[in-house]
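Data block below; observations after.
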Amino acid sequence: MEMSEWTSQVRRGILEYCILQLIGHKPRYGYELVTILDQWEPLAVTEGTLYPLLRRLLKDHYIESFWKESDSGPPRKYYSLTDSGRQLMDMMYLEWNKISGAVEQIQRFGGENID
Amino acid sequence: MISMYGREYLDKLNRYLEKLPEHERMDAVMEIESHIAEGIANGVPEAVILSRLGDPRKLAKAYRSERMNGLMGAKSFKGVLSIIGFYCTAGLLSVMIVPVLATVAYGFGLCTILIVIAGILRTLGASWINMSIGPGMEIATEYSMIYALVVGAIIGGIAFASWIGLKKYLAFLSERYRRVLPGKHAMNG
């Protein structure tokens, strides 16, 4: 498997989790999400990925959207978490910690006795 | 604010999204329009914004395929694979295990009953029933019942163990079947 392919597979699931976290913090709009995620090279997302992903989360009722006028420019489409979105995020939080903990142990001890 | 190139891009996107329901399509196009305007307001050249958005045809395709994922459940491909895996392993395994265990359980069970009956009959004098440990080592008539009970216990034990095994295997099978059944564990897969 090529490195880039592996990276994109890993990134996909993590990205979804990060987006839920960002939206869970406060309602955000697409352009804002792209700008925030651009700060971290491994999370940098193209618009062609982000908007369809947001659409799917919307369809699955994990997030909801509303249009709001902005002072400086065009109206923005904001996204916020629904109750089930927050549940999903909380579950991902636990799962992520478990996974990263397990991977870290394997990295450190290579599966040798860790007692 | 948005130049004719931007308008053209949005027109194309709108056309490629024609398979989406009207409301969704308009919402998507409006959102991308807002995205372009937002970029321009932030001083990003329109050409850069458009190139980051990529080919409108590809963007529309991404919308459609994400929508499919949402409709069919993100795990559908993996789900189908695990169901195939289940039927291949569990199916083949069952062809071996279930008939063998069932035959042993019920066949040996029946034998146990017959042996005990034979013991009773021989004790009562049915000399046509043969009981021996080895060639030429006949069991005395008065020990017939003891012999029948010992052999019956062994055969019955095997039958009982097979029956328990069969029950456990069937329970295990149902449990696995429940687990691969799509839709039940959509979120904690």
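The values are calculated or read from the model by the stated rules, or taken from the named source; none is laboratory data. Note that the structure is predicted; figures quoted are calculated from it, not measured. No Cβ is skipped: glycine too gets one built from the backbone with ideal geometry, and neighbour counts run over all protein chains shown.
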| request: Name, by its number, the condition in (1) within 10 Å of another protein chain (Cβ to nearest Cβ); (2) surrounded by 12 or more Cβ atoms within 10 Å (Cβ to Cβ); (3) within 30 Å of B:PRO56 (Cβ to Cβ) that does not hold for A:SER72. | output: (2)
| request: Under 8 Å between Cβ atoms, at least 6 apart or on separate chains: pull out the pairs that start in the range A:26-48 with a residue that is closer than 23 Å to A:GLU64 by Cβ and end on any residue that is surrounded by 13 or more Cβ atoms within 10 Å (Cβ to Cβ) and acidic (Asp, Glu). | output: A:TYR29/B:GLU38; A:GLY30/A:GLU47; A:GLY30/B:GLU31; A:TYR31/B:GLU38; A:VAL34/A:GLU47
| query | Which one is surrounded by the fewest Cβ atoms within 10 Å (Cβ to Cβ), of the residues in the range A:75-86 that are more than 8 Å from chain B (Cβ to nearest Cβ) and outside any strand (DSSP E or B)? | reply | A:ASP83
| remark: Subset of the range A:29-43, residues surrounded by 13 or more Cβ atoms within 10 Å (Cβ to Cβ) and not β-branched (Val, Ile, Thr), comes to A:TYR29, A:GLY30, A:TYR31, A:GLU32, A:LEU33, A:LEU37, A:LEU43
| remark: Residue pairs within 7 Å by beta carbon, gap of at least six or interchain, first lying in the range B:45-61 and surrounded by fewer than 17 Cβ atoms within 10 Å (Cβ to Cβ), second modelled with pLDDT of 90 or more, listed first then second, are B:ARG57/B:TYR16
| Does A:ILE99 satisfy the condition of being over 23 Å from B:PRO56 (Cα atoms), within 19 Å of the chain's Cα centre (by Cα), assigned to a helix (DSSP H, G or I) and without any contact (Cβ under 8 Å) to a residue 24 or more places away in the chain? | yes
| Residue tally, condition outside any loop (DSSP other than H, G, I, E, B), within 12 Å of chain A (Cβ to nearest Cβ) and touching a helix residue (DSSP H, G or I) at 6+ places or on another chain (Cβ under 6 Å), over the range B:7-27 | 2
| said: Filter the range B:1-24 down to the residues that are of a type in the set (S, T, N, Q) and at pLDDT below 90 and list them by number. | reply: B:SER3
| query | A:THR49 is checked against (1) farther than 15 Å from A:ILE14 by Cα; (2) at pLDDT below 90 and fails just one. What number does that condition carry? | reply | (1)
| Taking the range A:1-59 only, how many residues are outside any helix (DSSP H, G or I) and more than 9 Å from every other protein chain (Cβ to nearest Cβ)? | 10
| task | Take the residues in the range A:60-69 that are within 9 Å of another protein chain (Cβ to nearest Cβ) and closer than 15 Å to A:TYR31 by Cβ, then tell me which one is surrounded by the most Cβ atoms within 10 Å (Cβ to Cβ). | result | A:SER65
| field | Options B:ILE164, B:ILE139, B:ILE129: the member that is modelled with pLDDT of 85 or more and either loosely packed, with under 13 Cβ neighbours inside 10 Å or β-branched (Val, Ile, Thr) (or both) | value | B:ILE164
